[in-house]
1. Can you give the accessible area of Ser351 in Å² (nearest 10), computed on protein heavy atoms with a 1.4 Å probe?
2. Any idea what diffusion coefficient region 155-314 gets from Stokes-Einstein, in µm²/s, Kirkwood Rh on alpha carbon pairs, 20 °C, 1.002 mPa s?
3. I need to check one value: relative contact order of the chain, counting alpha carbon pairs closer than 8 Å and at least 6 residues apart, in percent.
4. Give me the net charge of Ser157's neighbourhood, meaning all other residues with Cβ under 12 Å from the Cβ of Ser157; Lys, Arg count +1, Asp, Glu -1.
5. How long is the gain from Lys218 to Glu163 if the chain were fully straight, where each residue apart is worth 0.36 nm and the alpha carbon distance is subtracted?
6. Between Ala358 and His111, how many nm apart are label points set 7 Å from Cα along the C-beta direction?
7. Which value at 222 nm does the chain reach when only helices count, each DSSP H run of 4 or more adding -39,500 (n - 2.57), with the total divided by all residues and rounded to the nearest 500 deg cm²/dmol?
8. What percentages make up the Cα-Cα pair-distance distribution of the chain when the bins are 10 Å wide from 0?
Amino acid sequence: MKTLKVINQNGSCCTTKDIEVQESVNNPNKNLPIVIIGAGPIGLATAAHLVEQKQAFILLEAGHEIAHNIRTWGHVTLFSPWRYNINKAAKSLLEGSDWVEPNLETIPTGHELIDLYLKPLAELRQIKPSIRLNSKVVAISRQKNDKMKSKNRFNQSFNIYVEKEDDIDIIEAKAVIDATGTWGNPNPANSTGVWLQNEKALADHIEYGIPEINTNTKRYANKKIAVIGGGHSAINTLLALAELQRENPSTKLVWIMRKKSVEEAYGGEEKDALAARGALGVRIHELVDTGKVEVITPFYISQVKKEENIHIVGTINGEQKVLTGFEELIVNAGNRPDLSINSELRLSIDSATESVQALAPLIDPNVHSCGTVRAHGEEILRQPEKDFYIVGAKSYGRAPTFLMATGYEQVRSITAYLSGDEEASKRVELELPETGVCSINLVNQSNSCC
């Protein structure tokens with residue numbers, strides 16, 4: 001090995017002997033595993049496809065159980081029925097066990113997604129031995145190379161640095177698939193996306209994401225609460241708080257967002273092809289119309305701070321305004337990818353969405369109001385760092401339009417490519433529901449979408 005390395009580094013021109021040496025250096029990587037980071041739905045689907053392709057893999061999960069992030073919002077019901085949430089390769093493996101398939105037309109909660117599908121999948125004999133829990137990846141690099149080094153770079157294997165208790169494990173891999181998602185890395189309340197110390201200092205009075213209200217009623221009952229954000233997460237939060245409000249009528253709910261009008265947040269309502277998503281719009285519309293939820297929009301938050309109570313400072317219609325009297329804030333302003341573990345790799349990341357660069361034009365919410373994305377696979381997700389891929393929600397960066405079925409198609413294509421089946425990697429094997437009426441102002445229904 002040392003001799004080969006010296007030969008590679010001698011001479012600046014490419015001779016026949018050099019080419020032979022490069023190929024021989026490349027051979028040992030073929031016996032290394034593919035490392036998947038993140039044991040959520042997309043990471044486990046990747047594992048299922050690699051089982052089909054007879055490829056060795058290691059699946060790393062930072063949490064103490066698979067799909068640890070989903071468990072934190074397990075009380076929330078998904079939009080799509082089971083038939084869109086089960087990966088084909090995973091289903092094929094599960095059918096060889098005693099797994100009982102859920103009714104494909106029913107809609108699971110996050111807990112049910114884990115307990116009825118992901119856990120049985122992770123317990124399969126073809127997958128379980130390759131899963132490592134409590135394994136937080138802190139960095140990825142090329143073997144013996146930092147980001148700057150180019151010579152012979154792509155013949156070198158990957159090093160994955162894994163934090164386990166008080167030690168660091170280093171795992172060598174021939175390819176890496178990052179399926180870590182974006183959950184747990186929220187955007188701030190601040191409309192400019194900047195994290196300020198004032199907001200961090202209010203950590204005891206702010207929750208990010210979709211809290212389980214009915215297990216923490218004392219925190220929210222009979223208080224004035226601001227829910228910040230104009231998407232489905234904010235609507236889910238408000239609907240849960242409205243249930244609390246029925247039993248505790250002094251609870252005041254204020255919905256703060258940046259949309260031009262509240263109607264834009266209602267979506268397709270009865271016309272949405274995903275009935276569960278449409279139902280959210282119908283229910284929140286009723287709460288707003290009956291005055292149970294006060295709406296302030298378009299409001300651009302510049303900072304939140306603690307005075308006698310919580311003050312929310314911002315502008316509405318060009319005028320500065322301070323909203324006061326809040327005791328609790330729930331921020332549903334979306335999430336962003338954490339790219340810190342990828343900092344020693346050569347990446348192509350879009351400057352606006354922070355998604356995979358080639359994917360950005362397909363998903364940019366500044367352009368695609370309805371969130372429809374054509375099928376895409378390995379070629380679109382390919383990075384300058386050969387054999388490294390970002391998949392799932394993280395591949396979409398800050399764009400909020402990711403669908404689980406889209407992620408399944410991503411990893412089907414990538415695993416086919418890594419297994420040498422380039423033809424299969426280029427095929428499109430994705431069927432999605434029509435999105436129905438999109439997030440447009442329903443007052444003007446003559447507008448078409450996408």
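1. Surface accessible to solvent at Ser351 totals approximately 110 Å².
2. Details: Rh = 18.4 Å.
Translational D for this selection: 117 µm²/s.
3. Details: 870 pairs, mean separation 76.0, N = 450.
Computed over the chain, the figure is 17 percent.
4. Working: positive: Lys30, Arg142, Lys144, Arg153, Lys174, Lys386; negative: Glu172, Asp387.
Once all neighbours under 12 Å are counted, the net charge is +4.
5. Stretched fully, the Lys218-Glu163 segment lengthens by 16.1 nm.
6. About 4.2 nm, to one decimal.
7. Working: 16 runs with 121 residues, N = 450.
Calculated at 222 nm, the ellipticity per residue is -7000 deg cm²/dmol.
8. Computed distribution, short to long bins: 4, 19, 28, 24, 15, 7, 3, 1, 0.
The values are calculated or read from the model by the stated rules, or taken from the named source; none is laboratory data. On a predicted model such as this, the values are computed, not experimentally measured, just so you know. Here Cβ is always computed from backbone atoms with ideal geometry, including for glycine, and neighbour counts include all displayed protein chains. What goes into the accessible areas is simple: the full protein's heavy atoms, side chains included, and nothing from ligands, DNA or RNA. Shrake-Rupley method; radii C 1.70, N 1.55, O 1.52, S 1.80 Å.
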